[in-house]
Amino acid sequence: MKTDGEFLYIVSGKSIYIVRAHPWENAGVLSRLDFNEAINGLFVNDDKLVLLTGAFTPYRIGFIVEGDSTSVSASTTIMIYDIANRSTPTLDRNMTVNGSYFNSRMIADYVYVIITQPAYVHDDEVALPAIIDDDYAVTIPATNIYYSNVSDYYYAFTNILAINTQNTDEEVSYETVLTGSASNLYVSQTSIYITSFGYEETTAIHKINIEAGDITYVATGNVTGYILNQFSMDEYQDYFRVATTVQAFSTQTHLYVLNSSLHVVGVIEGIAPGEDLYSARFIGDKCYLVTFKKVDPLFVIDLTDPEAPQILGKLKIPGYSDYLHPYDETHLIGIGKETVESKEDDFAWYQGVKISLFDVSDVSRPSELDKTEIGDRGTDSPALSDHKALLFSKDKQLLVLPILLAEIDEAQYPNGIPASTYGNFVWQGAYVLDVSLERGIIIKGTITHMGDNSDLLRSGYYFESSYAVKRAVYIENVLYTISDKLIKLNDLDTLSELHQIDLT
């Protein structure tokens, strides 16, 4: 889902809806585009809409040669629509690239798309990557493909494309790198970092410079361990910082600082032995790490001197945070699970969804200002694994996240509820919270799309509904919650319902 403050652009299934959102009195669906393949990416830039589609099917041998538009089973399509008239989008550009969609970013007028294609030999020939731009096709020559001296058990052609969203006549820029299996991506304003986890718990890092559509391969580096996600990486003042997890012999966390040539210049190894890394966040010259086994240590690491990083302080509390979000320069919001330590073994039972507000102004003594727990064991939120499901505004003191609520019937446990007990699913929707340093975390209210579809709730471990809230956004003083089949508009102050938009 994207918004430009006036319209919503929503992917539901294999369709995209363009919805007039503001003013809310005139809200409604303006147009719908349907596709045969899954929609993997969506960008809006002025009056241009960029869609990335492709099917996640097993790769079958196929070739595209210059001038031939034969398609293969694993391919990614990039379409640019003119949406000056939101009611009648028109296709401006249509590109197809061999391989599966990996990730993408938009910077200024350019969309950078990363597509991976398995590297293999068939009939003594290498199946090289190819691009079809409208009616013209080109195969990327082997002599134009970068490679590094990094051994791996699997190889792929990783294609980086830069497409001008405003000038559809400008030729696409591209570079291809022979890598291992691409696992994570970090993008700054000037660089793309693609990582691949390979032999002997080693992660290769490939650095590519980008500037106004120009793409230049720069360097390859290596660190020990695997990288959790994009928030475990960061570029700051010509340095690349990364947190990794190593599981050989004993699980532990490492932190590395690499220079602009991707040579390691600073390191802390062996953080929190025996504990897994659950989340990381780099903010300026500080790094915050959350590890977990029985309690949640929040580590504060100083990176002022890139060659001598040091742990300044840590906080141990029950629970853990899967995601850390900056509140301001000295406070963090943690989204994760509450936990109860096992009395018999060396682990903890996770419970309901936990939202914490951390104070890190005293770096040697971080503290938890406030917390709230939602639901019992089994309660879940897509925000735990997808940060785009979280809506936060410091100015409005607003935090919204989708929740699948599980509750335990206490009457069934007259002798006390075991910590391992799961609740039954009883509700799904959006929790709206007020978050401030003065008042802490307050549950303001909830919004659900389930309505008469409550029969779709399932007791136990499984839940699926087209009316499950997945995203939220606000425009002025209206909160929009979005599921696959419905948009609800609620007053941001009172949460009273203003309007509904049917997406069926």
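The values are calculated or read from the model by the stated rules, or taken from the named source; none is laboratory data. What you are looking at is a predicted structure, and each value in this text was computed from that prediction instead of being measured. Positions of Cβ are generated from backbone atoms using ideal geometry, with glycine treated the same way; all protein chains shown enter the neighbour counts.
Some notes on this structure:
- Residue in the range 350-361 that is surrounded by 15 or more Cβ atoms within 10 Å (Cβ to Cβ), at negative phi and not in a strand (DSSP E or B) present: yes
- Residue match in the range 336-349 (condition: among the aliphatic types (A, V, I, L, M), at pLDDT below 95 and assigned to a helix (DSSP H, G or I)): no
- Within this structure, ALA389 passes the test of being crowded, with 18+ Cβ neighbours inside 10 Å, in contact (Cβ under 8 Å) with a residue 60 or more places away in the chain and within 22 Å of the chain's Cα centre (by Cα).
- The residues in the range 179-193 that are hydroxyl-bearing (Ser, Thr, Tyr), in a strand (DSSP E or B) and either at pLDDT below 95 or touching a His at 6+ places or on another chain (Cβ under 6 Å) (or both) can be counted, and the count is 2.
- Per-region count, the range 263-280, residues under 24 Å from the mean Cα position of the chain (by Cα) and surrounded by fewer than 21 Cβ atoms within 10 Å (Cβ to Cβ): 1
- Here GLU200 fulfils each of the conditions (1) buried (at least 22 other Cβ atoms within 10 Å of the Cβ); (2) free of Cβ contacts under 8 Å to residues at least 24 places away in the same chain apart from (1).
- Output for the range 471-488, where each listed residue is surrounded by fewer than 20 Cβ atoms within 10 Å (Cβ to Cβ) and touching a residue at least 40 places away in the same chain (Cβ under 8 Å): VAL473, TYR474, GLU476, VAL478, ASP484, LYS485
- Cβ-Cβ under 6 Å pairs, at least 6 apart or on other chains, the range 267-296 side within 15 Å of LEU312 (Cα to Cα) and of a type in the set (Ser, Thr, Tyr), far side modelled with pLDDT of 95 or more and in a strand (DSSP E or B): TYR288/ARG281; TYR288/LEU324
Let's see how each residue does on (1) among the aromatic types (Phe, Trp, Tyr); (2) under 25 Å from GLU211 (Cβ atoms); (3) in a strand (DSSP E or B):
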{"site": "ARG86", "(1), (2), (3)": "no, no, no"}
{"site": "ASN94", "(1), (2), (3)": "no, no, yes"}
{"site": "ASN103", "(1), (2), (3)": "no, yes, yes"}
{"site": "VAL138", "(1), (2), (3)": "no, yes, yes"}
{"site": "SER151", "(1), (2), (3)": "no, no, no"}
{"site": "THR168", "(1), (2), (3)": "no, yes, no"}
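- Residue within the range 156-165 that is surrounded by fewer than 18 Cβ atoms within 10 Å (Cβ to Cβ) and either on the phi > 0 side of the Ramachandran plot or not β-branched (Val, Ile, Thr) (or both) present: no
- Only one entry in ILE301, ILE311 is assigned to a strand (DSSP E or B), among the hydrophobic types (A, V, I, L, M, F, W, C) and crowded, with 21+ Cβ neighbours inside 10 Å, namely ILE301.
- Qualifying residue in the range 342-350 (condition: without any contact (Cβ under 8 Å) to a residue 60 or more places away in the chain and within 24 Å of LEU492 (Cβ to Cβ)): no
- Matching residues, the range 321-348, being surrounded by fewer than 16 Cβ atoms within 10 Å (Cβ to Cβ) and among the hydrophobic types (A, V, I, L, M, F, W, C): PHE347
- Top-ranked residue in the range 105-126 [being among the charged types (D, E, K, R) and part of a strand (DSSP E or B); ranked as surrounded by the fewest Cβ atoms within 10 Å (Cβ to Cβ)]: GLU125
- Any hit, the range 393-413, residues being surrounded by fewer than 20 Cβ atoms within 10 Å (Cβ to Cβ) and within 28 Å of ASP302 (Cβ to Cβ): yes
- Yes/no for TYR146 being touching a Lys or Arg at 6+ places or on another chain (Cβ under 6 Å) and closer than 17 Å to LYS207 by Cα: no
- Residue within the range 270-291 that is touching an Asp or Glu at 6+ places or on another chain (Cβ under 7 Å) and farther than 30 Å from LEU401 by Cβ present: no
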